[in-house]
Amino acid sequence: MIKDPVLNAITFLMVPFIILFALYIQFHGDYAPGGGFQAGIITASGIILYSMLFGTFTTLKAIPYSVIKLTNMLGILIYGGTGIATVLLGQSFLSYNVLLAHNVAGQKLGIFLVELGVALTVCSSMLIVYISFARRKK
């Protein structure tokens with residue numbers, strides 16, 4: 001935990017904007033470069049920045065470790081579930097056009113779901129790695 005009031009105040013103000021930027025990258029990943037992986041890394045970096053300044057204990061009070069692990073499993077389930085749903089609908093794995101009646105809408109939904117699953121998995125995986133190292137005894 002760093003006890004610099006200026007650095008703490010700036011970090012406290014910047015983390016919401018970092019998360020907001022990650023959401024922008026996530027939701028515009030269909031139309032521009034970016035998507036789930038980048039959004040997950042940006043979100044994790046904002047949370048890690050908060051954790052570096054305010055301490056891992058404070059961060060884990062805000063986001064319990066069990067929630068981080070659940071998010072990791074949920075992201076994998078969303079990604080895999082999207083692919084399995086397309087197989088159950090009679091197409092090959094991750095053939096998004098069968099998800100909705102209109103092919104283009106199905107493509108957009110499928111891409112969004114896969115990118116969401118990737119974002120959740122990447123963010124939670126990075127947090128698990130960081131917390132594992134931060135908790136180690138020195």
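Looking for something part of a helix (DSSP H, G or I) and surrounded by fewer than 15 Cβ atoms within 10 Å (Cβ to Cβ) - is there at least one such residue anywhere in the stretch 111-129? The answer is yes, given that some residue of the stretch 111-129 is part of a helix (DSSP H, G or I) and surrounded by fewer than 15 Cβ atoms within 10 Å (Cβ to Cβ). The condition (being within 13 Å of the chain's Cα centre (by Cα), in a helix (DSSP H, G or I) and more than 15 Å from residue 126 (Cβ to Cβ)) is satisfied by just one residue among 17, 21: 21.
In the set 110, 106, only one residue is within 23 Å of residue 43 (Cα to Cα) and modelled with pLDDT under 95; that residue is 110. With the structure loaded, tell me whether residue 86 is touching a helix residue (DSSP H, G or I) at 6+ places or on another chain (Cβ under 6 Å), surrounded by 13 or more Cβ atoms within 10 Å (Cβ to Cβ) and in contact (Cβ under 8 Å) with a residue 40 or more places away in the chain or whether it fails that test. No. Pairs linking a residue in the stretch 1-27 that is under 21 Å from residue 118 (Cα atoms) to a residue that is at pLDDT below 90 and surrounded by 15 or more Cβ atoms within 10 Å (Cβ to Cβ), with Cβ atoms under 6 Å and 6 or more positions apart or on different chains, are 25/34. Would you be able to say whether some residue in the stretch 45-68 is over 25 Å from residue 109 (Cα atoms), in a helix (DSSP H, G or I) and among the basic types (Lys, Arg)? The answer is yes, given that some residue of the stretch 45-68 is over 25 Å from residue 109 (Cα atoms), in a helix (DSSP H, G or I) and among the basic types (Lys, Arg). Within the stretch 81-100, does at least one residue satisfy the condition of being assigned to a helix (DSSP H, G or I), among the aliphatic types (A, V, I, L, M) and modelled with pLDDT under 90? Among the residues of the stretch 81-100, at least one is assigned to a helix (DSSP H, G or I), among the aliphatic types (A, V, I, L, M) and modelled with pLDDT under 90, which makes the answer yes. When residue 76 is tested against (1) farther than 14 Å from residue 44 by Cβ; (2) β-branched (Val, Ile, Thr); (3) surrounded by 17 or more Cβ atoms within 10 Å (Cβ to Cβ), exactly one condition is not met: (3). Apart from one condition, residue 8 fits all of (1) in contact with a Leu (Cβ under 7 Å, 6 or more places away or on another chain); (2) at pLDDT 95 or above; the exception is (2). Taking first residues from the stretch 29-46 that are modelled with pLDDT under 85 and partners that are part of a helix (DSSP H, G or I) and of a type in the set (Asp, Glu), the Cβ contacts under 6 Å between residues at least 6 apart in sequence or on separate chains come to 29/115.
The values are calculated or read from the model by the stated rules, or taken from the named source; none is laboratory data. Keep in mind that what you see is a predicted model, and the values were worked out from it rather than measured. We place every Cβ from the backbone using ideal geometry, glycine too, and count neighbours over all the protein chains shown.
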